[in-house]
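Okay, structure first, notes after.
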Amino acid sequence: MRSRVFPLLAIAGLLLAPQPASLVLCGEPAGGQRVGFAERDITPAIGAEQPGGYGKSFHRSFHDPCKVRAAVFDDGRSRVALVGVDALIVPRILVTGARAGIEKKCGIAGSSVLIGATHSHSSGPTGMVLPGEYDHASALVQQLAYEKSSNADAEYLKRVEGAIVEAVAEADQRRQAAACGVGKGIEDTVAFNRRFRMKNGRSHTHPGQGNPEIIEPAGPTDPEVGVLGAWTGEGELLGCVVNFACHATTSPGGISANYIYYLEKAIRGYFGEDAIVVFLPGTCGDVTQVDNLSPTRRPAGERSAQLVGGRVGAEAVKVLLGMERGTLAPVEARAKRLSIKRRVPSPERVEQCFALVQRDPQQVGSTEWTFAKEIVLLDASLAKHPTTEVEVQAIQVGPAVFLSDPAEFFCQFGLDIKARSKFPFTFPVSLANGCVGYVPTEEALGPRGGGYETRLTSYSNLEPTAGRQMVDAAIELADEMTPGEAPAAAPVAEFSGSGWGYGNVPPELN
């Protein structure tokens, strides 16, 4: 498979591969710096619910494993853990349970553990409706929630929680002296904003290729590929953390980590099968692999997953090869909890939606019926939770800071965070430590906004200023920290007065 999918990468590897001796010269492991990586399998069973929509869908085949991947960084004074879970979302209850288990098993403070979902739409049942979430509601609401909506599986959630604890504990046990580096590259050919300003004055999600009503994209993309790597003294890559902003909706067919599978293959194809790749998605609430402006058909399914994962992985390889290695210190963690209000549907809207959901969806129309169902569920949810608790977290590893939000955060927010951060390497992480659904910009929720992500549902319903509140909180946390120094290459020796002797000769014609 590797030679068929990544022939160019393999050729590039042969051409660019450094000599073994040069690997050690790039940086020796620092005495006080220790790093460990580990992973666990969380592949769901055939027949399990497939998350990623407002209705039910089930897995019928297998493509590749879903995993928990963990990295633990220790500067001799404190430890932090970065965890990537091949899941659509990580519910808050899963995060709190895993953190408690980690703290008990290996002593890493729960507040120092970042747990992020890769947002694979082809993963296991960790969402959307949680077990027992609507037990307080009427029989009709319970039917809509448990029988007509995408549900998390209680046993699978416990399995994933256990896998997170085990992966972090093993990564902690496997800590060893390591030379670390951090860098960033650019991959600007595989991710596209899916929202567009239209001639009718509104915004439209996925208006379709060739649509003459399109004016321009309604938001940006972030092509930066952020990478943090750790090596042994012999030059072996222990593992890396990769940050990139694109929905994991390539769906290669069956149960899958989505394009993250091919991203991992690209990195392991160069550095070896033992390297562990922790993927943490950037702010990609409105960014996918679909190019609505392309005049030609783009790959879908398997080929799309190969394209996105392969290209992002190849860029990560380039960044890893080029980064200087040394000590990344200090290691610190901060977190802040916000209580954010939820948008409330009018009583008239709720009444209309109750009437609609009791009719046949084919008569009402699938889209109208689905969103009516969501309003009914939201109304029931608001009875118990008029506000939502949101955790914003900052994990520092030397000159790098990972600033998390628990949302499908619009891309502009990530760019705002990077612009305001004093850290030279700032990596926004979405869908981490919980999930509060889509968080659009205020413009997207305004008169000229619109689109799928702005619909009021049981999944997405925070007040319009929610994104700004989270950005401000993230920057406040980052401002409490002092960036460490990035490893730098040694300067050249003072010029001796002569260059290469063979080079300083006149031309010869005869």
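Coordinate-derived values only; no laboratory data. Because the structure is predicted, anything quoted here is derived from the model rather than measured. Glycine also receives a Cβ, built like all others from the backbone with ideal geometry; neighbour counts cover every protein chain displayed.
Extension gain for E155 to Q176 (0.36 nm times residue separation, less C-alpha to C-alpha distance): 4.2 nm. When the helices of the chain are scored as -39500 (n - 2.57) per DSSP H run of n ≥ 4 and the total is divided over every residue, the value at 222 nm lands at -9500 deg cm²/dmol. Considering only the other residues whose Cβ falls under 9 Å of the Cβ of V357, what net charge follows from Lys and Arg at +1 and Asp and Glu at -1? Once all neighbours under 9 Å are counted, the net charge is +3. Only lysines eight or more places from K418 in sequence, or on another chain, were considered; those with a Cα closer than 19 Å are K184, K336. Relative to the longest principal axis of the Cα atoms of the chain, helix 301-322 runs at roughly 40 degrees.
Straight-line cross-link partners of K148 among the lysines, defined as a Cα under 29 Å from its Cα and at least 8 positions apart when in the same chain: K56, K67, K158, K341, K373, K384.
Helix 92-106 and the long axis of the chain differ in direction by around 40°, with both axes built from C-alpha atoms.
The residues neighbouring Q50, those whose beta-carbon lies less than 14 Å from its own, together hold a net charge of -1 under the Lys/Arg +1, Asp/Glu -1 convention. The order of L356, L114, going from fewest to most other C-beta atoms within 10 Å of their C-beta, is L356, L114. Residues whose amide H falls under 5 Å from that of A333, counting only those 5 or more places apart or on a different chain, are Q396, with hydrogens built in the peptide plane. You can think of it this way: the chain between E442 and E213 has 80.1 nm of extra reach, that is 0.36 nm per residue less the Cα-Cα gap. Just to confirm the number: angle between the C-alpha axis of helix 366-384 and the first principal axis of the chain, 0 to 90 degrees, nearest 10? Roughly 90 degrees between the two axes. Specify the inter-centroid distance of the range 167-216 and the range 283-299, based on alpha-carbon positions, in whole Å. Rounded to whole Å, the Cα centres lie 10 Å apart. Here the calculated FRET efficiency for A488 and S294, from their Cβ-Cβ distance with R0 = 45 Å, stands at 0.65, rounded to the nearest 0.05. The share of alpha-carbon pairs in the chain lying farther apart than 29 Å comes to 51%. Could you tell me the center-to-center distance, by alpha carbons, between the range 48-110 and the range 462-510 in angstrom? Centre-to-centre (Cα) distance: 32 Å.
Counted without the sites themselves, the longest stretch of the chain free of GluC sites (Glu not before Pro) in a DSSP loop having at most 10 other beta carbon atoms within 10 Å is 1-233.
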